[in-house]
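Take a look at the structure set out below.
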Amino acid sequence: MTFSLQILTCFLVLSFFCVMLAWLGTRSRMPGLGFAAFLRFSWIYFMDRWERKPDLWSTLSYFLRFIDVIWRRFLIIFQTLLFENKLRRQLKMVWKMTGASALPHFEHFLDEHRFGFAGLVRVGPPDGTPPCPALRYVCLDPEEVIRNGLDHQLAIQNLKPWEHNFLWLDRPDVRFLKDSSETLRHIDIVFINNIDGEYDEIRSVLTPHGFAELEPQTQSSKPPCICFYQKNVLTMSLLGASGQFGNQFLQYFFLKTHARENYERIQTSSWIGQLLFDLPDPPIKKVLRQVGKHGDSRLSDQEFPLINVNFVGYCLCHTRRYAPHREFLQSILKPRPEIEKIISKGVRQLKHVGNTIVALHLRYSTWDCGRNTYFIAPCEWYLEWLEKLWPTLDKPVLFIATDVPKNTLHHFDSYDPYTSKRLGLRLLQASFYPDYYLLTQADALAVSNSSFSFTAAMLNQHAKIFMRPDNELKKLIPFDPWDAEPILEQYTKWRSAEWVG
């Protein structure tokens with residue numbers, strides 16, 4: 001076999017492997033998609049890209065991006081399975097150490113009903129169970145819970161309600177659920193052991209919080225003394241597939257806050273956030289009725305509340321919707337410790353250079369999804385803002401996140417800007433995340449007209465100055481990330497003039 005033929009064979013084998021990997025990754029969020037249907041979908045997708053920008057390099061770059069997304073999803077699925085199995089083993093270990101007689105039924109429940117595990121709250125006699133490093137486990141004294149209420153008892157021990165999603169009651173005393181609305185907001189599963197006399201009372205308390213008995217009490221399924229309650233569910237099967245990272249963040253914001261407001265639990269498809277953050281959300285278990293439409297950005301025409309449905313949409317709604325959940329969202333969307341250890345050194349380097357981090361996000365890539373609806377701000381607007389701001393700051397240092405550094409960075413040479421590449425930050429799982437993280441750590445932040453930097457502004461707890469481009473005024477204007485539209489459309493008159501001539 002000649003050398004050229006060997007190269008061709010390796011290329012064909014590698015191509016076949018990539019296609020099969022892409023098909024399997026797509027099937028994880030589109031169950032039942034056949035291989036032939038996937039090939040037709042891929043052909044239509046790439047031909048559409050070719051018609052929009054018909055050059056070989058652009059098409060190849062789109063293909064490489066597509067393979068990169070599929071590969072990242074494969075890593076996410078693999079790591080999620082390992083992480084979930086580890087937590088399940090830890091939870092079973094606690095159950096065994098407590099000597100619970102219901103262990104066989106509990107293991108059967110875990111096998112039949114998959115759910116993400118965050119932490120366990122047990123109301124029962126102290127058992128001296130040693131803490132597990134990978135498991136949030138707390139045992140509360142029943143008399144203290146009855147006296148102070150469940151919410152207050154967790155607060156006394158400096159425990160956050162959203163760090164626990166499994167509630168274990170050792171006996172069916174309705175007084176255990178006294179003043180428990182905040183805790184039940186985050187609980188996914190309620191397990192009640194030795195239930196007998198207060199069955200109806202317990203159910204009457206849990207039902208208004210979105211709980212339904214998962215397995216009706218029958219002798220064939222379990223002893224009458226065992227009872228499981230599970231929350232209603234809201235799923236999003238296209239999370240990770242609709243839009244890029246910023247769009248996925250907004251979809252997750254909507255999913256999480258809506259479920260929190262309506263006492264639901266959520267199930268999602270695999271997305272990059274599961275790799276970056278410590279999110280306990282379980283995978284989608286069953287197909288539910290779909291609400292919404294892929295590509296829709298608004299929510300006004302949807303059915304509310306969304307209960308036991310699969311929601312589809314971009315969720316580009318005004319952020320005042322999420323403002324009541326600000327502290328909660330900022331607390332759960334923090335990078336995993338092992339990831340933060342890698343990228344936080346960039347913040348330390350910037351702080352070593354100056355006392356005030358000024359960050360810019362300059363997005364100049366083609367905005368295909370906007371179909372010319374959204375605008376891209378020029379560098380001059382940011383330079384004008386920096387010229388006025390810079391002298392008022394205490395030893396400022398400039399950081400720039402951009403997708404086209406060759407075309408933008410030279411405009412800011414006088415400020416000696418830093419980039420994630422200059423800081424030596426690399427994250428193989430998500431190459432874009434060091435930029436995103438540094439935007440969340442800035443003391444003054446100027447975003448582009450992009451959900452990527454807008455959601456970074458929402459998670460930024462340090463900045464006192466937030467600026468965004470305004471196409472009507474042709475400059476940067478201040479804004480509140482928690483009370484604004486995520487993406488601004490082009491000014492109507494300006495668009496009309498452009499189309500006219």
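Observations on the structure shown:
- Subset of segment 233-283 that is among the hydroxyl-bearing types (Ser, Thr, Tyr) and open to solvent by 20 Å² or more (accessible area, probe 1.4 Å) - its residue that is nearest to Leu427 (Cα to Cα): Ser270
- Candidates Leu438, Leu398, filtered to the one that is within 21 Å of Pro469 (Cα to Cα), assigned to a helix (DSSP H, G or I) and of a type in the set (A, V, I, L, M): Leu438
- Out of Thr408, Thr419, one residue alone is more than 30 Å from Arg260 (Cβ to Cβ) and touching a Ser or Thr at 6+ places or on another chain (Cβ under 6 Å). It is Thr408.
- Hits in segment 319-330 (condition: within 16 Å of Arg185 (Cα to Cα) and open to solvent by 30 Å² or more (accessible area, probe 1.4 Å)): Pro324, Arg326, Glu327
- Single residue of segment 135-157 satisfying the filter (surrounded by 13 or more Cβ atoms within 10 Å (Cβ to Cβ) and assigned to a loop (DSSP other than H, G, I, E, B)) that is modelled with the lowest pLDDT: Leu135
The values are calculated or read from the model by the stated rules, or taken from the named source; none is laboratory data. If you're wondering where the values come from, they're calculated on a predicted model, not measured in any experiment. So basically every Cβ, Gly included, is an ideal-geometry build from the backbone, and we count neighbours across all protein chains shown. Please note that ligands, DNA and RNA were not included when accessible areas were found on the heavy atoms of the full protein model with its side chains. Shrake-Rupley method; radii C 1.70, N 1.55, O 1.52, S 1.80 Å.
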